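Remarks on the structure that follows.
What follows is calculated from the coordinates using simple rules that are stated; it is not laboratory data. Predicted model only: the values in this text are computed from it and were never measured.
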Amino acid sequence: MPRRQHITVWLVLGIIAFLSFWSILSFRHETGRSIDGFTPILQSELSLDDGVLKGEATAAKMENATLKAELGNAAWKVLHTTMAKFPDKPTEEDSQALKSYLHLFARLYPCGECARHFQKLLAKFPPQVTSRSSAAAWACHVHNQVNIRLKKEEFDCSKIGDFYDCGCADDEPVVKMDTFKQLELEKEGLTRGG
């Protein structure tokens, strides 16, 4: 059973990576650039109205607590790293792409209960996408809202840069990853497969 869980986590991360790559290709096309000769998706082929972006999450509740925690940990790493790589002075297209990505991420997240909660957080705390620091601070705040709901310790958002390195350049300070607290799982009773 653990092998199946890992396959699911990798599948979800693959979907997230695909959506990220797709957003980059769309942006590159709009700015007239392409990536390695790839023909980007034309904007006219996309239908990203509010119904698509903010439609109801359809995934079922994820019953396996261990898999749910692994997925959540990986998802937060993707989101925080995305914020760390977001441009410091984004264009309007950059900002719109990030907003769209976050709404699609929430809608397609494979834990239905988590997805619906994240959608409520997006409605209550709209994504802040005017700069890298505002996006990173927003993501940390939203992550803390989830931590509060899960009765976990809140993170000091002033230290978010110490934990998620954007890997943007060699001249940036080295991030201290050795202080990252290991995820501790608590058993929540019997679950399907657990």
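So if the hydrodynamic radius of the range 49-127 is defined as the Kirkwood radius over C-alpha pairs, what does Stokes-Einstein give as its diffusion coefficient at 37 °C and 0.692 mPa s, in µm² per second? Walk me through the numbers before you get to the answer.
Details: Rh = 13.4 Å.
Stokes-Einstein gives a translational diffusion coefficient of 245 µm²/s.
Beyond a 20 Å Cα-Cα separation, which of these cross-linked pairs lie in this structure: Lys77/Lys159; Lys61/Lys99; Lys54/Lys89; Lys85/Lys159; Lys85/Lys151? Could the numbers behind the result be given before it?
Values: Lys77/Lys159 15 Å; Lys61/Lys99 25 Å; Lys54/Lys89 26 Å; Lys85/Lys159 16 Å; Lys85/Lys151 29 Å.
From the list (Lys77/Lys159; Lys61/Lys99; Lys54/Lys89; Lys85/Lys159; Lys85/Lys151), the Cα-Cα distance tops 20 Å for Lys61/Lys99; Lys54/Lys89; Lys85/Lys151.
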